[in-house]
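Note sheet for the following structure.
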Amino acid sequence: MDNLDNKTIFVIGAKGFLGKIMVEKILRVHPNVKKLYILLRSVDQITAFKHFYDEVVEKELFRVLKEKWGGDLKTLVSEKIYLVPGDISYPNMGLNDSDLLEEMKNQVEIIINFAATTNFDERYDVAFGTNTLGAKHVVNFAKGCSNLEILVHVSTAYVSNQREGVILETPCKLVESVDGTSKLDIESERKIIEDSLRELRNNRDINETTRSLAMKDLGTKRSKMYGYPNTYTFTKAMGEMLVNDRTDNLPLIIMRPSIVTSTYKEPFPGWIEGLRTIDGFIVGYAKGKVTHFPSGAGSILDLIPADMVVNAIIMAISAHKLRPSKHTIIYHVSSSMRNSISNINSLNYILKYFTEKPWINKDGKAIKIKKLTLFNDMASFRRYMTLRYLVFLKGFEFVNKAFFYSFQDKYNDLQRKFNWVMRQVELYDSFLFFKARFDDTNLEKLQIVARDNNINPNTLLLDPKDINWEDYFLNIHVPGLVKYVVEKELFKVLSEKWGGDLKTLVSEKICLVSGDISSPNMGLKDSNLLEEMKNRVEIIINFAASTNFDERYDVAFGTNVLGAKHVLNFAKQCSNFEILVHVSTAFVSNQREGVILETPCKLDESVDGTSKLNIESERKIIEESLRELRNNRDINKIMRSLVMKDLGTKSIRAKMYGYPNTYAFTKAMGEMLMNDRIDNLPLIIMRPTIVTSTYKEPFPGWIEGLRTIDGFIVGYGKGKVTRFPSDVSSILDLVPADMVVNAIIMAILTHKLQPSGRTIIYHIGSSMRNSMRIDTLFSYIHQYFTKKPWMNEDGKVIKVKKITSFNNIASFHRYMTIHYVFLKGFEFVNKAFCYSFQDKYNDLQRKFNWVMRQVELYNSFIFFKAKFDDTNLKKLRIVARDNGINPNTSLLDPKDINWEDYFLNIHVPGLVKYVMK
C-alpha cells in the first residue's frame, strides 16, 4: 500500500524516538514521498540541517537505509526533506517566515505530531508549553491547510487516570480534582504557571536550580490534584482535551501507545535510544543496585515495540483514505488486551538474561544478581527501605561528621544509591500497580484493513499477538538496551558514579545557551544573559566546526571563519577573562612534506601566484554566488547546494590556495582572522591531527559517527574496498580523542602557571614521536576482519583480502575506468530491457561512486609525508610531570600508544560496537 507516495507530510518531533523511526521508515519504504517538512527547534535552516544530520540521520537507526542508498542517501535527504526552524510551544509553531508558512499551508496534506517532552518530572512550564499548548498550535496550523487530508496526534495511553478495568478508546474529558472541590480548567493552569514564574523571577534570592525544582514540584502537585501520576501524562491529557475541543470537524486521528520499547523487527531488532520507562530499572537491577522492589503480583506491564507504533500510524493514515471518517478516531496501540505480560514474567526474563550474561563492572568483575524481593504495596516497601537503609544512613552521617568527614565519598555513594531507588519507585509508581487493560478495538480494525489489502504482516507488524515476550526480552530488547544505550553512552562512567544525582549535577553546573556561532554575538538575543556571561566567563573553549570535507562553502565559512571571529569579539568583552582556547586542525597548513612548525597561519598566495588570499573578498564571493543562485528560478535547492559545495572545493576556492578541501581551507582562514584581531588577548590554538576513538577515558574505544579513516575501514570490512591508491610510506598521523581533551586541559593549567603574552600553538599528533605508516593500518584492519569477519544482512560472513595499493592517483583512476567500463555497457543493456536491472545497476553505480568519493575526499591524507612539530606538547608533558599528574589518568604522550593493540583491541572494536552495528 503506497498511500504516502507523492504526499507532502509535515512531521513534528522528528528528533524524538518515535519521530526518528517514522522518518527512517518513510525514506526506506516510501522513497516516492513528495516532500517531508520537518520542524526543528533551531535558529535558521542551515543550523537545523546540521542538527538534523547529526542527531537523526547519523544515528545507527539509519544504517539499513545507508546500506541501501550508499552515497546517494544525502541526495535523497536533500530531495525529500525540508527543515523548518521553529518551536511548537509558540503560536504558529514559531514559524517567522510568512512565505514559508503560506507555502506549507498550501502544500501539506498529512501532519504527524510526535512532539512531546516525555520526562515524568519535567518543569511544569516546559511540559505545558510542548504537550498542551503545542497540541493547540498544531491544530490551529492544520485548520489553515487548504489540502489537509489528516492530522495525526501522537498521545499516550496513560492520558486516562483510570487504574483498573478496561480503558476505552474514547476522548479525554475535563476532570474534577481528586477531592471533588474543583474542575480542571486549562486556561487557569496557564495562569498558575505564569504567576508562579513571575513570582520566582522577582525573587532574587532564588537561583536557577531552585527555580527549576519549584516548577517541577508545581507540575507534580497539579498532576496529583487531578488524579494523574506525573506531569507528563497530565499535560498530554490536557493536550488531547484542547485538540478535541478545537477540532471543528478537522480530520483527526489520535494514537495512544502504551509503554514504547525497542524495535521488534524494523529497521532491525532491538534499536533503542536512551533509557525509556522500564529501562532505568533493568539497568539498575543488572548493576546490582536493585534487590528489593514494590510490584503488585497481578499488575500488567503494557509494552509495545516502537516499530509497531509507527506501522499503526501509517496503517491508520491508509485506512482513513480508504474509509474517511467525520469524527475523531482514537487508537490504543498496546498489548494488554491481546498479549499481556505481567510484571512477574518480565522480572523473570531479566533475571534469566543477566544470570547468563552478567553485567561487568568497571573493575572487570561480573555482577551476580539474585531474584528480586517484591513488596505488594508501597507502604511495606517504604518501611523496609527506612529500616534497612535510612536508619543506617542517618547513623553513618553522624559517624562521618564525628570523623571530620573522612567517609564523605562512601556516604555520598550510599546516599545516591538510596535516592536513585526511591526516585525510580516514585516515578513509576503508577505502572508498578497498574491493573487496567487498554481496549484496542480500533487497532484490530486496522489489522482487518491490512489483511483485506494483502499487506504482508512481516513488513507491517500490527498484531501484538505476534510478539513472543520471552524471545523479545532475551534476544531483542535487553541485548539492544545493552548495545545501543548502556555500552554506547559516553557518559556511562559518570552515570555510574553519580547515579540519580547526575541530573542535579547537570542542573547545577550547566547553563544551556541558545545561539548560533555564525551570527554576530553568536546569536545570543537575551541581552541580560549576554551581559551576565561577559561578567562571569573566565575560560572559553571553542570546538565549534563544520568538519565535512565537502561542506557548502557558505556553511563552512559561517561556522569556521566568521564563527572564530565572533567568539574572539565576545572574548574581548569579558571582564574576568583568563584564556581563549581555539580548537583548529593540524591540516591548516597546506604543506605536504617535511616538518610543519607550530607557527601562525599566514595569508597565502594562490597556487599560480596571481593573487593573495583576502578573507573579506571570500565573504563577498559567497554572498554574490548565493544571490545569483537565489535569483535563478531554474535552479532547485539541491542544485544550489551542490554549486555551493563546488565553490568551496572542486571548482575554485580551496584548491586555488593549495588546500585539499573546504574544511581545512575555512579552518585556516578562521585562524588567520583570530591572529589578525587578537589585540594581546590570551590565546591558545590547539591543532589536533586525525582524531580517533578514545584510548583510555572515560573508557577505551568510544566513538561517534564515521570519522576520516573510518569510512575506509567500514568499506573494507564490508568487502566494498579491495583496491586503494596509497603510497605505502605515507604517514598516517592519528591521535585519540581523550589525548586531545587532556592536552587542552593541561594547556589551560600551564597558562595559569606560566602566563604568556603571545599566542601559543600546540600540534597534538603522533607523527614526530610515534608515527604509523598507511600500510601498517592496512595490515591491522586485515588482521582484525580476518579473525572477526563482518556478517552481511543475510547472515553470511564477508571474507576480506589484502588491499591492492596503487602508488599514485593516475594509476588508480586507470584501473577503475577499465575495471568498471562494463557499467556503461550494463546501462545500455538495462535500457534495452526496459530497466529490468535497475536495482542491480543502481547498486553497482553506488558502489563505484562511493569508492571514488572516498578517494577524492581523502586524497590529501593518502599521500601525506609531512610530520607535525610538537615541541609545545612536549613542554606540556614536562609541566604535567613537575606537578605530579599521573600519566595513566591524563594521557599526553603519543609514545604510550601501542598502535597494534589500539587498532585490534580498541579502535576497530569500538567502531564496530558504537558505529557499524
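The values are calculated or read from the model by the stated rules, or taken from the named source; none is laboratory data. None of these values were measured; they are calculated from a predicted model. Positions of Cβ are backbone-derived with ideal geometry, glycine not excepted, and every protein chain shown enters the neighbour counts. When the accessible area is computed, the model is the full protein with side chains, heavy atoms only, and any ligands, DNA or RNA have been set aside. Shrake-Rupley method; radii C 1.70, N 1.55, O 1.52, S 1.80 Å.
For the stretch 384-436, filtered to residues that are among the β-branched types (Val, Ile, Thr) and surrounded by 18 or more Cβ atoms within 10 Å (Cβ to Cβ), the residue that is nearest to Asp501 (Cα to Cα) is Val421.
Each residue in the stretch 222-243 was checked for being of a type in the set (D, E, K, R) and farther than 11 Å from Ser155 by Cα, and 2 of them qualify. Report the residue count in the stretch 508-527 for those that are surrounded by fewer than 16 Cβ atoms within 10 Å (Cβ to Cβ), touching a residue at least 40 places away in the same chain (Cβ under 8 Å) and of a type in the set (S, T, N, Q). Selection size over the stretch 508-527: 2.
Here Arg222 meets each of (1) part of a helix (DSSP H, G or I); (2) basic (Lys, Arg); (3) open to solvent by 40 Å² or more (accessible area, probe 1.4 Å) with one exception, condition (3).
Here Gly296 fulfils each of the conditions (1) open to solvent by 40 Å² or more (accessible area, probe 1.4 Å); (2) closer than 29 Å to Val486 by Cα; (3) at pLDDT below 90 apart from (1). Condition check: of a type outside the set (Val, Ile, Thr), without any contact (Cβ under 8 Å) to a residue 60 or more places away in the chain and either surrounded by 14 or more Cβ atoms within 10 Å (Cβ to Cβ) or under 30 Å from Gln162 (Cβ atoms) (or both). Does Gln447 satisfy that? Criteria met by Gln447. Look through the stretch 256-280, keep the residues that are hydrophobic (A, V, I, L, M, F, W, C) and open to solvent by less than 30 Å² (accessible area, probe 1.4 Å), and return whichever of them is nearest to Phe17 (Cα to Cα). Of everything passing the filter in the stretch 256-280, Ile272 is nearest to Phe17 (Cα to Cα). Could you check, for the stretch 770-793, whether at least one of its residues is within 22 Å of Lys875 (Cβ to Cβ) and not β-branched (Val, Ile, Thr)? Scanning the stretch 770-793 turns up at least one residue that is within 22 Å of Lys875 (Cβ to Cβ) and not β-branched (Val, Ile, Thr). Only residues that are out of contact with any Asp or Glu (no Cβ under 8 Å at 6 or more places or on another chain) and charged (D, E, K, R) were counted across the stretch 131-182, and they come to 6. Of the conditions (1) buried (at least 19 other Cβ atoms within 10 Å of the Cβ); (2) more than 27 Å from Phe861 (Cβ to Cβ); (3) not basic (Lys, Arg), Ala564 fails just one. Which one is it? Ala564 satisfies every listed condition except (2). For beta carbons closer than 8 Å, sequence separation of 6+ or different chains, a first residue in the stretch 600-627 that is touching a residue at least 60 places away in the same chain (Cβ under 8 Å) and among the β-branched types (Val, Ile, Thr) and a second that is part of a helix (DSSP H, G or I) and open to solvent by 40 Å² or more (accessible area, probe 1.4 Å), there are no qualifying pairs. Of all residues being out of contact with any strand residue (DSSP E or B) (no Cβ under 9 Å at 6 or more places or on another chain) and closer than 28 Å to Asp870 by Cα in the stretch 570-592, which is surrounded by the most Cβ atoms within 10 Å (Cβ to Cβ)? Just the residue, please. Per the stated criteria, the residue is Asn590. Tell me, yes or no, whether the stretch 303-317 has at least one residue that is farther than 23 Å from Leu61 by Cβ and surrounded by 20 or more Cβ atoms within 10 Å (Cβ to Cβ). There is no residue in the stretch 303-317 that is farther than 23 Å from Leu61 by Cβ and surrounded by 20 or more Cβ atoms within 10 Å (Cβ to Cβ).
For the condition over 30 Å from Val243 (Cα atoms) and not charged (D, E, K, R), what is the one hit in His327, His292, His320? Step by step, each of His327, His292, His320 is checked, and only His292 is over 30 Å from Val243 (Cα atoms) and not charged (D, E, K, R).
Residues checked against (1) among the hydrophobic types (A, V, I, L, M, F, W, C); (2) open to solvent by less than 10 Å² (accessible area, probe 1.4 Å); (3) in a helix (DSSP H, G or I); (4) touching a His at 6+ places or on another chain (Cβ under 9 Å):
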| site | (1), (2), (3), (4) |
| --- | --- |
| Ile26 | yes, yes, yes, no |
| Phe52 | yes, yes, yes, no |
| Glu55 | no, no, yes, no |
| Arg63 | no, no, yes, no |
| Glu67 | no, no, yes, no |
| Ser78 | no, no, yes, no |
| Val84 | yes, yes, no, no |
| Asn92 | no, no, yes, yes |
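Within the stretch 640-657, restricting attention to residues that are open to solvent by 30 Å² or more (accessible area, probe 1.4 Å) and more than 18 Å from Arg853 (Cα to Cα), which residue is modelled with the highest pLDDT? Applying the filter and picking the extreme gives Met656. Residues in the stretch 537-555: is at least one of a type in the set (A, V, I, L, M), farther than 27 Å from Leu734 by Cβ, free of Cβ contacts under 8 Å to residues at least 24 places away in the same chain and in a loop (DSSP other than H, G, I, E, B)? No: the stretch 537-555 contains no residue that is of a type in the set (A, V, I, L, M), farther than 27 Å from Leu734 by Cβ, free of Cβ contacts under 8 Å to residues at least 24 places away in the same chain and in a loop (DSSP other than H, G, I, E, B).
Return yes when Ser518 is of a type in the set (Gly, Ala, Ser) and assigned to a helix (DSSP H, G or I) and no when it is not. The answer is no for Ser518.
Of all residues in the stretch 561-571, at least one satisfies being within 18 Å of Ser514 (Cα to Cα) and touching a Pro at 6+ places or on another chain (Cβ under 7 Å). Pairing each residue of the stretch 366-393 that is touching a residue at least 60 places away in the same chain (Cβ under 8 Å) with any residue that is in a helix (DSSP H, G or I) and open to solvent by 80 Å² or more (accessible area, probe 1.4 Å), provided the two are 6+ apart or on different chains, yields C-beta distances under 7 Å for Ile369/Thr355. Can you say whether Glu496 is open to solvent by 70 Å² or more (accessible area, probe 1.4 Å) and either over 19 Å from the mean Cα position of the chain (by Cα) or farther than 30 Å from Leu301 by Cα (or both), as far as the supplied structure shows? Spelling it out, it is not the case that Glu496 is open to solvent by 70 Å² or more (accessible area, probe 1.4 Å) and either over 19 Å from the mean Cα position of the chain (by Cα) or farther than 30 Å from Leu301 by Cα (or both). Within the stretch 777-830, the only residue that satisfies the criterion of being open to solvent by less than 30 Å² (accessible area, probe 1.4 Å), free of Cβ contacts under 8 Å to residues at least 60 places away in the same chain and farther than 25 Å from Asn842 by Cβ is Phe778.
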